[in-house]
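*Asks:* For reference, the structure I am asking about is given below.
The values are calculated or read from the model by the stated rules, or taken from the named source; none is laboratory data. This one's a predicted model, so the numbers in the text were calculated from it and none came from an experiment. Cβ placement follows ideal geometry from the backbone for every residue including glycine, while neighbour counts extend to all protein chains displayed. Surface areas here come from the heavy atoms of the whole protein model, side chains and all, with no ligands, DNA or RNA. Shrake-Rupley method; radii C 1.70, N 1.55, O 1.52, S 1.80 Å.
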Amino acid sequence: MHASKSILSSSAPPERVGVDLSDLETLRRILRMALLHKRGMAVALATVVVAAVFQLTIPRFLGSAVDSAQGLIGAGENAVARGALWQTAALLLAASLLRGLFTMWHNYQGEAVGQRIAYDLRMAYYAKLQQLSFGFHDSVHTGELITRGMLDIEGVRTVVNAGFMRLVLILVLLGAGAFLLLRQDALLGLVALSFVPFAGWRSVVARLRLRASWLALQEKLGVLTRVMEENLSGIRVVRAFAAQPFELAKFEEVSRHTLALADRRIDIRVRNAVAMTYAFFIAMGLVLWIGGTKVLDGSMSVGTLTEYLAFMAILQMPVRQLGMTVNAFARASMCGARLFEVLDREPAIADRPGAADLEIGDAVVRFENVSFSYSGAPPGDRPAPVTLHDVDFEVRAGRTLGIVGPPGSGKSTIAHLIPRYYDVDSGRVTIDGQDVRDVTLRSLRRAVSVVQQDTFLFTASIENNVAYGDPWAEPAGITHSSEVARLHDYIAGLPAGYGTLVGERGVSLSGGQRQRLSIARSVLLGAHVLVFDDSTAAVDAATERAIREALRAETTDRATIIIAHRLGSLMHADEIIFLEAGRIVERGSHDALLALGGRYADLFALQSLDGETPTADGTPEHRS
Amino acid sequence: MSAVRVIDDPSVRRGATRPPRAVVGSQVDTEETIFASLDGRILRRFWLFVAPYRRRLVWALAAVLAFTASQIAIPLVLRLVVDNALVAGAAIDDVSIPAERLLLVGIAAFFAVASLNFVANLVQETLVSRIAERLLIDMRRAMFAHLQRVSLAFMDKTETGRLMSRLQGDVHALQEFLETSVFAIGDFVLLVGIAVVLLVLDWRLGLLTLSVMPILVAVRIVWLPRARKAFLRARVTSSTLNGALAEGIHGVRTVQGMGREDVNLALFEEKAADNLDAQLQGTWLAQIMVPIVDGLTGAAMGIVVVAGGTAVLGGRIELGVMVAFLFYVQRFFDPIRSLTMQYSVMQRAMASGQRIFEVLDVPISVQDRADALDPAEIDGSVAFEDVTFGYLAGQPVLQNVSFRAEPGQTVALVGPTGSGKSSTMALAHRFYDVWDGRVLVGGLDVRDLTQASLGRHIAMVLQDPFLFTGTIAENIRYARTDASDAQVIDAARAVGADAFIRALPDGYATLLEQQGGNLSQGQRQLISFARALVADARILILDEATASIDSYTERSIQRALARLLEGRTALVIAHRLATIRHADRIVVLQQGRIIEDGSHAQLMRRGGLYARLYRMNYASFDDIDV
């Protein structure tokens, strides 16, 4: 695999114009995928050849029509001549019609194979992305993955028709055409074909240059998009600082660059296209001249000359499009390589062979000497590598564990290890004595539900969002879990109730509402282990307390872990651990930790100063 | 011991029914259904953008016509060569001018026409593309510049993505329209030219040959609406499918966490299959035209061969005419094809034009007066006098609001969501104009000041510390691009951001990717503080939302805030009790009216809404239902 193509590099891979073995290997692999659709490929290949053959017969018929008309000039009307004309006309009609039919057929078949490959790739890609573990998704830009799934699949799809099929067509037309032209008259044939190497070469060169300039232009357009997008979404900042002139200048500068690149592209395209046409006309003029001389000295008929000219007209198009064909291959090998890089990845976290379903009894979650570090560069919001060192704890059904600590101390990491979003480096995580790595992921993730910090809303109704983990749930269950999460009243007040669309195009929910929806989602699953990963930060204290009580009233079979910054969220826990730099530095009940007078007590004092921490019984206290 | 409830084992559940309530991806994109008919007003406004390039456009048109003429001329030259030189030379040997010379004349004519074709082609393609490219940028610039000045209310209710699609997709549609329109003129001339030439060469044969043309036109008229429907469906299913893919990638952690993989894969497969079907149907409809056009071309050639051949036999026309006809026939379906395509381009362009001009027509709500002032210094007071304001007629969001912040004072605005706090802030900066009453900054009505001077005297720190892609230093000096490095570093140090910035790989030159995605929320907020500090304005407007910030970061932010407020007048939308308590004045808003106003101690004594909220100890005054 190419280092430059690695998915871990955030910048676009540099464009390579040359061909190397891995490109050919990628193309071979695409061809193998195409050949899986045996019938389609066979029909496409057969029909493309037949279409080419019919196309090649047309100049011949035209020539013979001219000859038979000329040969009988002045001979007056007669049945033989008429018969010959009718016959040629019928042949012309038949050849044209058949060429059209077979062209349609091979275009359709080629496209159908391409579309089926796209379908296969798309399904495989989607399935693979769903399997690949969190570690993979952490290390890759989502935009990059989306681009691969959209544009790269397109790049592979189009190669069937624009690459493979067109190559066959060009080879047959050029091969057979050259054979026919050269056989009749070598000199004239050579002159007629003289534009082919020039036009083909220009076409390829132009295409490759256009490609390079296209990539440069894309980059600039990307910058332009960003400038406009940031301006529009940050419009308040722009106006707050009266920075419109500055923003317009930014826009102007990038626009100027894109215009220069666009002009360069126009020049490359136009100059080459025009040169190709001119080369064609020069060859045509020469054919006319040499052929004309031959006609004059009687060594060639006007019909044959017509035939040569008609042949040239037929060859012109595919030769001019040679560059597109080369481009299709170049694009497909690049796109294919990027797709296969993802498809060939094995998920780091998967069921062990023969893994059994998790058996739940008391729902005892236990960390035994767990150490963990994120491998690979953690991007974005986690600047510091989060690690855990020898973390030990236990929580069981009916009990609550609270985890607190500064940002980056590893709190969320603990939440991620229980449902095995990541695997521990050493030590083990068990549920009722079963190592999480020994049970099936499906059963494990059913038993453990993590309410995430950021709630991802799917563009769908609220009902569908709440029932995301269990789309078969009864409406009563959905209502119930929404009530537990204290979201029901809000939903019921909406005009469309549970049918209200949320997500990108729907109504926007506040941070607190999103978090409550996320809680409802998890409640509906009835998990035995419930982990709140700082998921009530945007919910006010009173509502949070109500949710907590509703959860407690619902079942006692559940082990609960609460990770929070706000001590009010977890001070009621049976045990609280204070995490710092991945180690447990304090542990005990709220009262014990206060009595200890350590970091926890410090934090409590800090938050009380801010007037934010309710007293232990959950009722707010007034400090002034 | 009970086995874990495995709810959605697909082997059990699938087959019987698909999940009753499950979807992947969003539904149809409404922006996509877009065809409009020719609209004179749009064309006229479009022309205003084209007008600056009039002169070049005239040249381009001349080149298009020259190019078309050369295309029509080439078969005529062939005819000349065949009739005057070849046939005549072969048949009759005497003639005054030798056949060789006639041939040479013909060849010379051919090269002359080919050269004209070359030059005209070069000029038309270059000019038209370049004009269209400039047009695109002009329209985009016009929209972008306009959006800098339109009412914020418009920006708030319009999704960025929607505007971006106008700035990108819609301008392309008009660019394409200009390009194809110019070439369409060429196509039309070509079509008419070929028809005329055919009729002049031999009107009987010409008429016979042209008789296939109406058939093609009729076929395309029947075909076009069906094809367009199929193409539209292919596009829509594609974008739906890609939407589902994007959602699957964005939400992959939730998908895996909730074990939705199998359900989603099955739903995705339905969409993929639907798309495959639509694509194949679209391909089929596109390809069906190929044999029809080829068949009609064959028929036309057959007509030329039989009728033309007979005429040649009878000596009524010359052989060269027949050759010319045969070459014309092969060309004459091209313009029809591109002309019918032009129709779709035009419809798309009209729809895009409508959307573009819609943006350009959004009224500019706030404009500088001709005699607006730009004072170098102001005293820093802010006063609202009986201000009434709203976004929709008849629905005021602020009513008779009056308060005053003396220079150097901190005034906290408190109230539930929708009480009008943000609107109040926006008015102080004259993002909108009041309906009634007035807003005074430094004792002057904001409508008498230039917007640029307001921007200089008032700095804003928003709840979302929006950062731009670029280096940290560039972001800090956003408000004052001429600020020195020392000023930037001083500001960062003052708000306590210097330490973490220096710890970054490239220090102040570190590139912020994706609007600061590589920093934590707290760090971004500190940079936005530094940005406001560099602006060095007398008045500070602060939307202090720190709900999502942890206590540790909160502590450093509070310190930075204290530094920022030093010696400045501040209007603060306060969420945190700490900030509120330290404010000189607290203004409590409810449903657009001031219901309480005073210091913390005064308000607590009064025992009104503020005291009640304070006692209930909400994390944020925003999240309550009052």
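*Asks:* Based on what the data block shows, is A:PHE102 touching a Ser or Thr at 6+ places or on another chain (Cβ under 6 Å), at pLDDT 95 or above and surrounded by 17 or more Cβ atoms within 10 Å (Cβ to Cβ)?
*Replies:* Working: touching a Ser or Thr at 6+ places or on another chain (Cβ under 6 Å): yes; at pLDDT 95 or above: yes; surrounded by 17 or more Cβ atoms within 10 Å (Cβ to Cβ): yes.
So A:PHE102 passes the test.
Yes/no per residue for (1) under 26 Å from B:MET350 (Cα atoms); (2) more than 38 Å from the chain's Cα centre (by Cα); (3) outside the structural domain of B:LEU392 (by TED's automatic domain parsing); (4) in contact (Cβ under 8 Å) with a residue 40 or more places away in the chain:
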site: B:LEU103; (1), (2), (3), (4): no, yes, yes, no
site: B:ALA109; (1), (2), (3), (4): no, yes, yes, no
site: B:GLU125; (1), (2), (3), (4): yes, no, yes, no
site: B:ALA142; (1), (2), (3), (4): yes, no, yes, yes
site: B:GLN148; (1), (2), (3), (4): yes, no, yes, no
site: B:ARG162; (1), (2), (3), (4): yes, no, yes, yes
site: B:LEU174; (1), (2), (3), (4): yes, no, yes, yes
site: B:ALA184; (1), (2), (3), (4): yes, no, yes, yes
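*Asks:* Moving on to the next point. Report the residue count in region A:236-248 for those that are facing chain B (nearest Cβ under 7 Å), part of a helix (DSSP H, G or I) and open to solvent by 10 Å² or more (accessible area, probe 1.4 Å).
*Replies:* The total comes to 5.
*Asks:* Looking only at region B:125-143, which residues are facing another protein chain (nearest Cβ under 9 Å) and not β-branched (Val, Ile, Thr)?
*Replies:* B:GLU125, B:SER129, B:ARG130, B:GLU133, B:ARG134, B:LEU136, B:ARG140, B:ARG141
*Asks:* Something else: Go through B:GLY380, B:GLY390, B:GLY408 for me and flag whichever is assigned to a loop (DSSP other than H, G, I, E, B), open to solvent by less than 10 Å² (accessible area, probe 1.4 Å) and more than 30 Å from A:ALA65 (Cβ to Cβ).
*Replies:* Values: B:GLY390 fails: assigned to a loop (DSSP other than H, G, I, E, B); B:GLY408 fails: open to solvent by less than 10 Å² (accessible area, probe 1.4 Å).
Of B:GLY380, B:GLY390, B:GLY408, the one residue that is assigned to a loop (DSSP other than H, G, I, E, B), open to solvent by less than 10 Å² (accessible area, probe 1.4 Å) and more than 30 Å from A:ALA65 (Cβ to Cβ) is B:GLY380.
*Asks:* Test of understanding: among A:THR459, A:THR479, which residue is at the interface with another protein chain (Cβ under 8 Å from one of its Cβ atoms) and surrounded by fewer than 22 Cβ atoms within 10 Å (Cβ to Cβ)?
*Replies:* Working: A:THR479 fails: at the interface with another protein chain (Cβ under 8 Å from one of its Cβ atoms).
When all the criteria are applied, what remains is A:THR459.
Here's the yes/no breakdown for (1) away from chain B (no Cβ under 14 Å); (2) outside any strand (DSSP E or B); (3) more than 30 Å from B:GLN521 (Cβ to Cβ):
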| site | (1), (2), (3) |
| --- | --- |
| A:LEU339 | no, yes, yes |
| A:ALA348 | no, yes, no |
| A:PHE393 | yes, no, no |
| A:GLY398 | yes, yes, yes |
| A:SER409 | no, yes, no |
| A:ARG428 | yes, no, yes |
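*Asks:* Any idea how many residues of region A:482-514 are out of contact with any strand residue (DSSP E or B) (no Cβ under 7 Å at 6 or more places or on another chain) and either crowded, with 17+ Cβ neighbours inside 10 Å or part of a helix (DSSP H, G or I) (or both)?
*Replies:* Total meeting the criteria: 19.
*Asks:* Here's a follow-up. So, in region A:1-26, exactly how many residues are open to solvent by 30 Å² or more (accessible area, probe 1.4 Å) and either at pLDDT 90 or above or over 21 Å from the mean Cα position of the chain (by Cα) (or both)?
*Replies:* Total satisfying the criteria: 9.
*Asks:* Where in region B:251-368 are there helices (runs of 4 or more DSSP H), lying wholly inside it, with at least 1 residues that are farther than 29 Å from B:VAL87 by Cβ?
*Replies:* Numbers: elements: B:252-257, B:261-287, B:289-303, B:309-313, B:319-331, B:334-360.
By residue number, B:252-257, B:261-287, B:289-303, B:334-360.
Each row is one residue, and each column tells you yes or no for (1) acidic (Asp, Glu); (2) out of contact with any Asp or Glu (no Cβ under 8 Å at 6 or more places or on another chain); (3) over 30 Å from A:ILE360 (Cα atoms).
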site	(1), (2), (3)
A:VAL502	no, yes, yes
A:MET571	no, yes, no
A:LEU579	no, yes, no
A:ARG583	no, no, no
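*Asks:* For region B:462-482, how many residues meet the condition of being modelled with pLDDT of 85 or more, in contact with a Leu (Cβ under 7 Å, 6 or more places away or on another chain) and not in a helix (DSSP H, G or I)?
*Replies:* 3
*Asks:* Name the residue that is least open to solvent (accessible area, probe 1.4 Å), counting only residues in region A:285-297 that are within 17 Å of B:ALA112 (Cα to Cα) and in contact (Cβ under 8 Å) with a residue 40 or more places away in the chain.
*Replies:* Taking region A:285-297 and keeping what is within 17 Å of B:ALA112 (Cα to Cα), we get A:285-289.
With the extra rule that they be in contact (Cβ under 8 Å) with a residue 40 or more places away in the chain, the set shrinks to A:286-287.
On the way: A:LEU286: 61, A:VAL287: 0 Å².
Going through the qualifying residues, I end up with A:VAL287.
*Asks:* Can you tell which of B:VAL192, B:VAL196, B:VAL212, B:VAL217 is assigned by TED's automatic domain parsing to the domain that holds B:ILE303, within 30 Å of B:VAL321 (Cβ to Cβ) and either open to solvent by less than 30 Å² (accessible area, probe 1.4 Å) or at pLDDT 90 or above (or both)? It would help to see each step written out before you state the result.
*Replies:* Details: B:VAL192 fails: assigned by TED's automatic domain parsing to the domain that holds B:ILE303; B:VAL196 fails: assigned by TED's automatic domain parsing to the domain that holds B:ILE303; B:VAL217 fails: either open to solvent by less than 30 Å² (accessible area, probe 1.4 Å) or at pLDDT 90 or above (or both).
Result of the check over B:VAL192, B:VAL196, B:VAL212, B:VAL217: B:VAL212.
*Asks:* Quick test of your reading of the structure: B:PHE268 fulfils all but one of (1) in contact with a Phe, Trp or Tyr (Cβ under 8 Å, 6 or more places away or on another chain); (2) facing another protein chain (nearest Cβ under 10 Å); (3) farther than 27 Å from B:SER165 by Cα. Name the failing condition by number.
*Replies:* Looking at each condition in turn, B:PHE268 falls short on (3).
*Asks:* Might you check whether a residue that is open to solvent by 30 Å² or more (accessible area, probe 1.4 Å) and touching a helix residue (DSSP H, G or I) at 6+ places or on another chain (Cβ under 9 Å) occurs anywhere in region A:555-564? Even if it seems obvious, please write down each step before you answer.
*Replies:* Keep residues of region A:555-564 that are open to solvent by 30 Å² or more (accessible area, probe 1.4 Å), which gives A:555-557.
Applying the additional criterion that residues be touching a helix residue (DSSP H, G or I) at 6+ places or on another chain (Cβ under 9 Å) yields none.
No: region A:555-564 contains no residue that is open to solvent by 30 Å² or more (accessible area, probe 1.4 Å) and touching a helix residue (DSSP H, G or I) at 6+ places or on another chain (Cβ under 9 Å).
Let's see how each residue does on (1) of a type in the set (D, E, K, R); (2) within 11 Å of another protein chain (Cβ to nearest Cβ); (3) open to solvent by 10 Å² or more (accessible area, probe 1.4 Å):
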{"site": "B:GLY442", "(1), (2), (3)": "no, no, yes"}
{"site": "B:LEU462", "(1), (2), (3)": "no, yes, yes"}
{"site": "B:VAL495", "(1), (2), (3)": "no, no, no"}
{"site": "B:ALA532", "(1), (2), (3)": "no, yes, no"}
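*Asks:* In addition: Looking at region B:220-231, which of the residues that are hydrophobic (A, V, I, L, M, F, W, C) and surrounded by fewer than 12 Cβ atoms within 10 Å (Cβ to Cβ) is farthest from B:GLY193 (Cα to Cα)? Steps first, please.
*Replies:* Looking only at region B:220-231, we keep the residues that are hydrophobic (A, V, I, L, M, F, W, C), and these are B:221-224, B:227, B:230-231.
Those still in the list that are surrounded by fewer than 12 Cβ atoms within 10 Å (Cβ to Cβ) too: B:221-222.
Details: B:ILE221: 23, B:VAL222: 26 Å.
Filtering region B:220-231 for residues that are hydrophobic (A, V, I, L, M, F, W, C) and surrounded by fewer than 12 Cβ atoms within 10 Å (Cβ to Cβ), the one farthest from B:GLY193 (Cα to Cα) comes out as B:VAL222.
*Asks:* What residue, of B:LEU167, B:LEU152, B:LEU191, B:LEU201, is of a type outside the set (Asp, Glu), in contact (Cβ under 8 Å) with a residue 40 or more places away in the chain and within 14 Å of chain A (Cβ to nearest Cβ)? Before you say what the answer is, go through the steps one by one.
*Replies:* On the way: B:LEU167 fails: in contact (Cβ under 8 Å) with a residue 40 or more places away in the chain; B:LEU191 fails: within 14 Å of chain A (Cβ to nearest Cβ); B:LEU201 fails: within 14 Å of chain A (Cβ to nearest Cβ).
Exactly one of B:LEU167, B:LEU152, B:LEU191, B:LEU201 is of a type outside the set (Asp, Glu), in contact (Cβ under 8 Å) with a residue 40 or more places away in the chain and within 14 Å of chain A (Cβ to nearest Cβ), namely B:LEU152.
*Asks:* Quick check on my filter: what residues within region A:541-598 are of a type outside the set (A, V, I, L, M) and assigned to a strand (DSSP E or B)? Give the steps one after another, and end with the answer.
*Replies:* First pass over region A:541-598, keeping only residues of a type outside the set (A, V, I, L, M): A:543-545, A:548-549, A:552, A:554-558, A:560, A:565-566, A:568-569, A:572, A:574-575, A:578, A:580, A:582-583, A:586-591, A:597-598.
Matches in region A:541-598: A:THR560, A:GLU575, A:PHE578, A:GLU580, A:ARG583, A:GLU586, A:ARG587, A:GLY588.
*Asks:* Right, next: For A:GLN109, are the conditions met, namely being farther than 30 Å from B:VAL263 by Cα, polar (S, T, N, Q) and surrounded by fewer than 18 Cβ atoms within 10 Å (Cβ to Cβ)? Break it down stepwise before answering.
*Replies:* Numbers: farther than 30 Å from B:VAL263 by Cα: yes; polar (S, T, N, Q): yes; surrounded by fewer than 18 Cβ atoms within 10 Å (Cβ to Cβ): no.
For A:GLN109, the condition - farther than 30 Å from B:VAL263 by Cα, polar (S, T, N, Q) and surrounded by fewer than 18 Cβ atoms within 10 Å (Cβ to Cβ) - is not met.
*Asks:* Do you know which residues across region A:42-56 are within 12 Å of another protein chain (Cβ to nearest Cβ) and open to solvent by less than 40 Å² (accessible area, probe 1.4 Å)?
*Replies:* The initial filter retains those residues of region A:42-56 that are within 12 Å of another protein chain (Cβ to nearest Cβ), namely A:47, A:51, A:54-55.
Once the filter is applied, which keeps residues that are within 12 Å of another protein chain (Cβ to nearest Cβ) and open to solvent by less than 40 Å² (accessible area, probe 1.4 Å), region A:42-56 yields A:THR47, A:ALA51, A:GLN55.
*Asks:* Going by the conditions given, is B:GLY470 more than 9 Å from chain A (Cβ to nearest Cβ) and touching a residue at least 60 places away in the same chain (Cβ under 8 Å)? Steps first, please.
*Replies:* On the way: more than 9 Å from chain A (Cβ to nearest Cβ): yes; touching a residue at least 60 places away in the same chain (Cβ under 8 Å): no.
The answer is no for B:GLY470.
*Asks:* Something else now. Considering only region B:483-529, state which residues are part of a helix (DSSP H, G or I), among the β-branched types (Val, Ile, Thr) and closer than 28 Å to A:VAL140 by Cβ. Steps first, please.
*Replies:* At the first step, the residues of region B:483-529 found to be part of a helix (DSSP H, G or I) are B:485-494, B:498-503, B:507-509, B:521-529.
Remaining after also requiring among the β-branched types (Val, Ile, Thr): B:488-489, B:501, B:527.
Passing the criteria: B:ILE501, B:ILE527.
*Asks:* Let me confirm something: among A:LEU261, A:LEU322, which residue is at pLDDT 90 or above and more than 7 Å from chain B (Cβ to nearest Cβ)?
*Replies:* Details: A:LEU322 fails: at pLDDT 90 or above.
Just a single option satisfies the conditions, and that option is A:LEU261.
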